Amino acid sequence: MKLNYEVREISFDEVEFLSKEILSKIREENISIDTLVPVLRGGMVLSMILQKNMEQVDTSCIHIKRSESNEVNASFGSPNFYGITNEHAITGKRILIVEDIIDSGKSLDFVIQKIKEYHPAKIYVATLYNFNQDKYQTVFSGKKEKPLWIVFPWEHAYE
């Protein structure tokens, strides 16, 4: 079923602002992260920003897909798992899963279960937008608000 969310285009300036908010919250909690695990594709940009601003963090990527197209308000199905890289950077480590948006939480729940298969010491989550604050209260969020369809600056199609 196609969604009918309000559409909002955001700028790189907003992404930078939200990324700084997340970094600030992580630093306030005084937690140490060993490995960033961006959820491909959405978590990549935030992950690169975080990695540039953290000490000695490794990276492992998890690739899943739920959207049925690249269109605005596209339908979502069950998560399809395409793989994970650098598994040894997860086992026994403090992991920060990095996502662009948390909405229903189906993708995040799937990712957390997959990551647990590699026995990390601790799992944290960071996201630019958290639309599901009731379920995910402890996530490092850049912004918590009502569900929207966010169009990131890197998602524009060029003819």
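What follows is calculated from the coordinates using simple rules that are stated; it is not laboratory data. Remember, predicted model here, so these are calculated numbers, not experimental data. We place every Cβ from the backbone using ideal geometry, glycine too, and count neighbours over all the protein chains shown.
One line per residue, one yes/no per condition, for (1) part of a loop (DSSP other than H, G, I, E, B); (2) over 14 Å from Lys25 (Cβ atoms):
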{"residue": "Thr91", "(1), (2)": "yes, yes"}
{"residue": "Leu108", "(1), (2)": "no, yes"}
{"residue": "Val111", "(1), (2)": "no, yes"}
{"residue": "Lys114", "(1), (2)": "no, yes"}
{"residue": "Ile123", "(1), (2)": "no, yes"}
{"residue": "Leu128", "(1), (2)": "no, no"}
{"residue": "Asn132", "(1), (2)": "yes, yes"}
{"residue": "Gln137", "(1), (2)": "yes, no"}
{"residue": "Lys146", "(1), (2)": "yes, yes"}
Please specify each residue of region 1-49 satisfying the condition of being in a helix (DSSP H, G or I), surrounded by 18 or more Cβ atoms within 10 Å (Cβ to Cβ), among the aliphatic types (A, V, I, L, M) and touching a strand residue (DSSP E or B) at 6+ places or on another chain (Cβ under 6 Å). Leu18, Ile22, Ile26, Leu46
Per the filter on region 93-106, residues part of a loop (DSSP other than H, G, I, E, B), of a type outside the set (Asp, Glu) and farther than 15 Å from Ser60 by Cα are Ser104, Gly105
